[in-house]
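The values are calculated or read from the model by the stated rules, or taken from the named source; none is laboratory data. Predicted model only: the values in this text are computed from it and were never measured. Glycine also receives a Cβ, built like all others from the backbone with ideal geometry; neighbour counts cover every protein chain displayed. Areas reflect the complete protein model, heavy atoms only, side chains present, ligands, DNA and RNA absent. Shrake-Rupley method; radii C 1.70, N 1.55, O 1.52, S 1.80 Å.
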Amino acid sequence: MEDDRDRLELGSASAAPGTVDRGWLDVADLPTGTPERLPVVVANGTDPGPTLWLTGGVHGDEATGIAVVLETMDALAGEPETSDAGALASLAGAVVAVPVVSPAGLRRNARHTYYDDEDPNRHFPDADAESARPPKLQERIDARLYGAIVGEEDAGSNPADAVAADALIDCHTAGVDSEPFAIRDRVLYGDRRSESDAEALAADLESVVDAFGFPTLTEYPAAEYVEEDLQRSLAGAVLNEAGIPSFTAELGSHSVVDDRLVAGGVAGAFAVAVELGMLAPDDVPTGVGDPGAYVESAPVDYPVRRYRGPTTDVSGLVRHRVDAGETIAEGDVLAEITSATGEERGTVEADHDGYVISRCEGMAVYEGDPIASLAVRDDGDLVVPREGGDD
């Protein structure tokens, strides 16, 4: 965004300084002859400043994340008919929102799209990704959105379809009855950046994640992170490919909007805007509270990372013995496995200290299935070489 306060354009949305506009960003052509397009909302502040991107609906069933993005933009715009000017008149910089990154998933109310049965959040650009085949449609869509976020002029057919971010919040949801949390990715160094540059990026990332106000989980260790292609998630690519502070907000359960966590997410987004210097604390709309009013503090006082497990050694029916949010110690029984006739088959014990984020969905489990998502003690580094890291 230029300091001369030019009109801000993304797709068909075009906002003069001090205004909000809504439109669409075309990202592909569909077989029916209509474009695949993403909804966009742009809020152009009255003064120069950073650009914050908000994204939601990367998975089509993540309803609360979509609602957070929409309601944040509504709070910025205000309600002129009630003389509520929102925060736009005081905004320095811009907020750019894509509430639904995966319209094909939203149409199905499903995590995956009908393009293919792969995770749509594992196809964003990675210069080290190698393939002998041309990119599939999801990769092409993700690359076009990524280009707009990082300011590549060839992001779309219109050179204006690129508004470089200074920070990004990607709004998601997790499993059934999940605790809310923010994911802080480890910052990788090597070909992309030096270790000292990675440390500076990690410090910038920590400041916006802390401002968001949700309990923070560090992402998987580096080797597992790359193995799971998380550097090709939206937040992972914007962070580790482009070097822009970006994180994922996990806003409870999928499929149904949780109004409490919508309010918490909106409060978190405004807190990040304050941290970036886009708003003064007194300029936050009166209806927007503090993130801590909507979410509980982490139940442990040590750093934690995300962990999917432990796994069961036997097949059967799982009966969980711990609830989401409950603290655990290594050796605690997390679940019992029985046969379909009710005979005890085994137990699953915690292999780390930490707390429960959510229980895995479904009652039937197979050998090797994880039975929970946990936040476990993490003594690893936040800045790590791309090809390895602490466990």
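Filter region 312-331 for residues that are under 19 Å from HIS352 (Cβ atoms), open to solvent by 40 Å² or more (accessible area, probe 1.4 Å) and not in a loop (DSSP other than H, G, I, E, B) and give the result.
If the condition is that a residue be under 19 Å from HIS352 (Cβ atoms), open to solvent by 40 Å² or more (accessible area, probe 1.4 Å) and not in a loop (DSSP other than H, G, I, E, B), then HIS320, THR327 are the ones that fit.
Would you confirm whether any residue within region 277-296 is closer than 30 Å to SER194 by Cβ, out of contact with any strand residue (DSSP E or B) (no Cβ under 7 Å at 6 or more places or on another chain) and charged (D, E, K, R)?
No, region 277-296 contains no residue that is closer than 30 Å to SER194 by Cβ, out of contact with any strand residue (DSSP E or B) (no Cβ under 7 Å at 6 or more places or on another chain) and charged (D, E, K, R).
Would you mind finding the one in GLY289, GLY316 that is in contact with a Lys or Arg (Cβ under 9 Å, 6 or more places away or on another chain) and free of Cβ contacts under 8 Å to residues at least 60 places away in the same chain?
Every option except GLY316 fails the conditions.
Would you check which residues across region 360-391 are within 25 Å of LEU317 (Cβ to Cβ) and part of a loop (DSSP other than H, G, I, E, B) and list them?
Scanning region 360-391 gives CYS360, GLU361, GLY362, MET363, TYR366, GLU367, GLY368, ASP369, ILE371.
Hey, among ASP210, ASP229, ASP185, which residue is closer than 21 Å to ARG305 by Cα, at pLDDT 95 or above, surrounded by fewer than 19 Cβ atoms within 10 Å (Cβ to Cβ) and not small (Gly, Ala, Ser)?
ASP210
What residue, of ALA242, ALA271, is among the hydrophobic types (A, V, I, L, M, F, W, C), open to solvent by 10 Å² or more (accessible area, probe 1.4 Å) and part of a loop (DSSP other than H, G, I, E, B)?
Step by step, each of ALA242, ALA271 is checked, and only ALA242 is among the hydrophobic types (A, V, I, L, M, F, W, C), open to solvent by 10 Å² or more (accessible area, probe 1.4 Å) and part of a loop (DSSP other than H, G, I, E, B).
Please find, within region 84-113, the residue that is surrounded by the most Cβ atoms within 10 Å (Cβ to Cβ) out of those that are modelled with pLDDT under 90 and assigned to a loop (DSSP other than H, G, I, E, B).
Applying the filter and picking the extreme gives GLY86.
Out of all the residues in region 347-359, which are in a strand (DSSP E or B) and open to solvent by 20 Å² or more (accessible area, probe 1.4 Å)?
THR347, GLU349, ARG359
Looking at region 52-74, is at least one residue without any contact (Cβ under 8 Å) to a residue 40 or more places away in the chain, within 30 Å of ASP177 (Cα to Cα) and open to solvent by 10 Å² or more (accessible area, probe 1.4 Å)?
yes
Can you pull out every residue in region 360-370 that is closer than 15 Å to VAL322 by Cα, open to solvent by 60 Å² or more (accessible area, probe 1.4 Å) and either modelled with pLDDT of 95 or more or touching a Lys or Arg at 6+ places or on another chain (Cβ under 9 Å) (or both)?
Across region 360-370, the qualifying residue is only MET363.
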